[in-house]
Structure formats: C-alpha cells, structure tokens
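The values are calculated or read from the model by the stated rules, or taken from the named source; none is laboratory data. All values reported here derive from a predicted model rather than from experimental measurement. Neighbour counts are summed over all protein chains in view; Cβ atoms, including those assigned to glycine, are modelled from backbone coordinates with ideal geometry.
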Amino acid sequence: MSSTGETLLRMEGVSLGYQGRPVLSGVDLEIRAGEFLVILGPNGAGKTTLVRGVLGLLAPMEGRILFPREERGGPPPSGYVPQRESLDPLFPFTAAEVVEGGLQARLKPWGRAGTPAGEVERCLAEVGLRGIGPKPFGALSGGQRQRVLIARALAVGAPLLVLDEPTAGLDPEASERVLGFLVRLYEEHRLALVFVTHLEEQVRHRASRVLVVNKGGVHPAGKEESRAG
C-alpha cells in the first residue's frame with residue numbers, strides 16, 4: 001500500500017448532529033493523502049453523520065473541521081460515491097450524464113485540460129467501462145451502476161474519495177470486482193479512500209487504518225483489526 005502524505009482533512013474536538021442534538025462528540029480525525037481508511041459501525045451508529053462532516057455538508061456543533069487544500073486555494077477535497085440505490089435507476093440518465101455531474105462539481109481554476117466528453121470517457125475507462133456512456137443508467141447491472149458512480153466521483157478531480165457502503169446489495173462476484181477497481185485506483189493514483197461499511201470482512205485486510213463509529217464517538221479499532229500502511 002502507498003505511504004501517506006499531506007493532510008487532506010483534520011477534525012479537532014468535533015461534535016456533529018442535528019437540530020442541536022449531537023450524534024457524535026469529541027471527534028479527532030486526520031485523513032492524509034494515500035490512506036485507505038475503513039470506517040466500521042452498526043447501522044444507526046453515526047457513520048452517515050461522520051461522512052457528512054468529512055464532505056463538508058454538516059457544520060460542526062463544536063470544534064472545527066479543516067480542509068488545508070481548500071484553504072490554499074486548491075480543488076474540492078473529496079469526491080463522494082453514494083450507495084447505488086441513492087440514484088434512482090428509473091431516471092432517464094445515461095451513464096455519461098451521471099458522470100457529467102461530477103464534472104459540473106469541479107470548479108474551473110483547477111479543471112484538467114480536455115473537453116467534457118473526453119473527460120467523461122476517460123473516467124469511465126478508469127473503471128473499466130469504456131464506451132458505455134450512451135447506455136441508460138437504469139439498464140446497467142448493479143456492479144456497473146456502482147462503477148459509474150465511482151467514475152462520477154473521479155470526475156471531481158479530488159484527492160479523496162468517500163465511499164458509502166459501495167458494495168451494498170451486490171453479489172459476491174460484482175462486489176469483488178468493484179473492490180478490485182477501487183484498490184487499483186488507490187494504488188495507481190495515490191488517492192485517499194474513506195470506505196464506510198458494516199461488512200468488515202470485505203475490506204479490513206486492505207486498510208491502512210480502521211476506525212469504529214459507535215456509542216457517540218469515533219474510535220481506533222483494536223490492533224488486531226488494522227495494520228500499518
């Protein structure tokens with residue numbers, strides 16, 4: 001696994017919640033370039049709340065969340081890969097149009113050269129779906145739809161990908177295929193990955209660090225559950 005590098009995000013004494021009620025408290029977290037961070041926890045423990053904080057979508061009730069690259073005028077710190085069910089397969093989108101949503105999220109000052117169509121095709125090729133752009137999103141298999149969502153996150157051009165249960169609902173073969181693409185992207189591009197799941201058997205042996213969200217906090221997993229990157 002790649003060694004870690006610059007700090008992409010830092011949480012200091014952060015409490016996150018809704019309508020004045022904290023879900024998570026006292027969170028101290030640093031995410032660095034080149035890291036494969038796995039976040040475990042039971043349903044309802046606060047994993048989604050933590051993800052919203054990492055993405056900058058939820059302001060802290062206490063503490064602070066720092067995005068060093070953004071403060072230096074750099075690109076958005078993260079791309080987001082939601083659960084595939086979050087994008088209705090019945091909507092009349094093509095695969096290319098889904099990926100274009102990631103391009104629109106990228107601000108011009110740090111956009112790479114090339115036409116949007118060329119960028120869409122490049123991102124689809126990165127996840128093994130070259131030429132699939134014109135096909136309706138809803139006509140794709142579950143594994144293909146999830147890879148299109150990964151391509152959309154890549155189009156943002158961010159150094160950090162946040163993946164929310166990316167293999168949920170996939171059969172074992174499709175799940176391993178998606179994981180294989182993620183590991184390849186991680187190793188080839190030195191992306192940082194934050195992989196949120198409650199199925200630790202799939203990913204903990206690939207992790208450089210494992211955290212557990214439970215009982216209102218975020219805690220390091222036991223030494224037997226993580227290994228150095």
Query raised in the report: Quick check, is residue 161 touching an Asp or Glu at 6+ places or on another chain (Cβ under 9 Å), at pLDDT 85 or above and either under 18 Å from residue 102 (Cα atoms) or among the hydroxyl-bearing types (Ser, Thr, Tyr) (or both)?
Result: no
Query raised in the report: Scanning the range 21-71 for residues that are without any contact (Cβ under 8 Å) to a residue 40 or more places away in the chain and under 18 Å from residue 166 (Cα atoms), which turns out nearest to the chain's Cα centre (by Cα)?
Result: 52
**Report entry** Tally, over the range 159-201, of residues that are over 12 Å from residue 37 (Cα atoms), touching a Gly at 6+ places or on another chain (Cβ under 7 Å) and either buried (at least 21 other Cβ atoms within 10 Å of the Cβ) or small (Gly, Ala, Ser) (or both)
**Finding:** 3
**Report entry** So residue 99, is it at pLDDT 80 or above and touching a Lys or Arg at 6+ places or on another chain (Cβ under 6 Å)
**Finding:** yes
Requested in this report: Starting from residues that are assigned to a loop (DSSP other than H, G, I, E, B) and hydrophobic (A, V, I, L, M, F, W, C), keep the ones in the range 112-144 and report whichever is nearest to residue 81 (Cα to Cα).
Outcome: 127
Query raised in the report: Any chance the range 41-49 includes a residue that's at pLDDT below 95, closer than 19 Å to residue 79 by Cβ and among the hydrophobic types (A, V, I, L, M, F, W, C)?
Result: no
Report summary line: Note on the range 189-203: residues assigned to a helix (DSSP H, G or I) and either touching a helix residue (DSSP H, G or I) at 6+ places or on another chain (Cβ under 9 Å) or of a type in the set (Ser, Thr, Tyr) (or both) are 189, 200, 202, 203
Requested in this report: Of the numbered conditions (1) touching a Lys or Arg at 6+ places or on another chain (Cβ under 9 Å); (2) assigned to a loop (DSSP other than H, G, I, E, B); (3) buried (at least 19 other Cβ atoms within 10 Å of the Cβ), residue 147 fails exactly one; give the number of that condition.
Outcome: (2)
Query - Filter pass, residue 178 being modelled with pLDDT of 85 or more and of a type in the set (Val, Ile, Thr) - result: no
Query raised in the report: Quick one: what pairs do we get from the range 200-224, first residue of a type in the set (S, T, N, Q), second exposed (fewer than 11 other Cβ atoms within 10 Å of the Cβ), C-beta under 8 Å, 6+ apart or different chains?
Result: 208/228
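So that you can scan it fast, the table gives a plain yes or no per residue for (1) outside any strand (DSSP E or B); (2) surrounded by 17 or more Cβ atoms within 10 Å (Cβ to Cβ):
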position: 9; (1), (2): no, yes
position: 17; (1), (2): no, yes
position: 25; (1), (2): no, yes
position: 49; (1), (2): yes, yes
position: 57; (1), (2): yes, no
